[in-house]
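Comments concern the structure below.
Just so you know, all these numbers are worked out from the coordinates, no wet-lab data involved. A quick note: this is a predicted structure, and the numbers were derived from the prediction, not measured. So basically every Cβ, Gly included, is an ideal-geometry build from the backbone, and we count neighbours across all protein chains shown.
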Amino acid sequence: GVVLHPTETVYGFGCDARSCGACARVRVIKGVPPDRPLIWLVRDLDHAREVAEFSGLAERLAAEFWPGPLTLVVEGRGGTLALRVSPHPVVVALLAELGGPLTSTSANRTGEPAPATVPEASWMGEQGPDWILDAGPCAGRVGSTLVDCTGDRPKLLRAGDLDVGRLCEVVEIDTDGC
């Protein structure tokens with residue numbers, strides 16, 4: 001099934017990433033096109049290495065900023081994946097129960113602010129999730145910072161709750177287009 005859950009950034013729609021049916025429902029609820037990958041939340045870097053290849057650069061960023069609001073785009077076993085480790089206790093519990101990755105996409109309509117509370121995600125109506133886990137307000141503002149690590153140089157795809165200046169202290173990053 002699909003769950004509305006908190007993270008350290010904002011509320012998101014998630015499901016067992018291994019369930020094609022549930023992933024399709026997340027896409028319908030959020031309006032995510034089939035060619036756009038869903039973010040996968042994983043327990044830790046070891047769990048991430050089970051599903052993806054990590055370059056030295058990706059390893060460095062993960063070691064510095066995980067758990068936290070940084071999503072890394074890396075080469076997965078079957079294609080490109082966007083992975084993150086969330087320190088939020090609800091996500092930690094969900095991952096422990098699932099035993100595998102949890103998809104996560106912010107619970108807002110495209111172009112609208114990401115919800116920091118369950119009431120802010122109440123637009124979903126009948127197409128909504130099977131479960132709602134309300135853990136109070138999330139600490140973030142916009143969602144995770146998204147960095148593509150599939151090339152020779154990291155590329156900033158989306159500025160988010162992790163300050164880009166902090167990223168630049170660790171690696172030289174391409175911010176063209178952001």
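Couplings 3J(HN,Hα) of the stretch 38-44, computed from phi: 8, 5, 10, 8, 10, 5, 6 Hz, in residue order, whole Hz [Karplus 6.51 cos²θ - 1.76 cosθ + 1.60, θ = phi - 60°; x for Gly and Pro].
Taking the radius of gyration and the Kirkwood hydrodynamic radius from Cα positions alone, what is the Rg/Rh ratio for the stretch 94-150, to two decimal places?
Numbers: Rg = 13.2 Å, Rh = 13.4 Å.
Value, to two decimals: 0.99.
For the stretch 101-154 versus the stretch 2-17, the spacing of their alpha-carbon centroids is 6 Å.
Volume per residue of the convex hull around the Cα atoms, evaluated for the chain, comes out as 109 Å³. Using only helices, what value at 222 nm comes out for the chain when you add -39,500 (n - 2.57) per DSSP H run of length 4 or more and divide by the total residues, to the nearest 500 deg cm²/dmol? Calculated mean residue ellipticity at 222 nm is -7000 deg cm²/dmol. Modelled this way, with points 7 Å down the Cα-to-C-beta line, the labels at Val90 and Ala139 are 1.5 nm from one another. Which log10 I(q)/I(0) values does the stretch 65-126 give at q = 0.19, 0.21, 0.22, 0.23 Å⁻¹ under the Debye formula, counting every alpha carbon as one identical point scatterer? Log-scaled intensity ratios, in q order: -0.95, -1.08, -1.12, -1.15. Annotation: amide H of Gly76 within the under-5 Å range of Glu53, Leu81, sequence separation 5 or more or interchain, hydrogens built in the peptide plane. Counting charges near Trp66 (Lys, Arg +1; Asp, Glu -1) among other residues having Cβ under 14 Å from its Cβ returns a value of -1.
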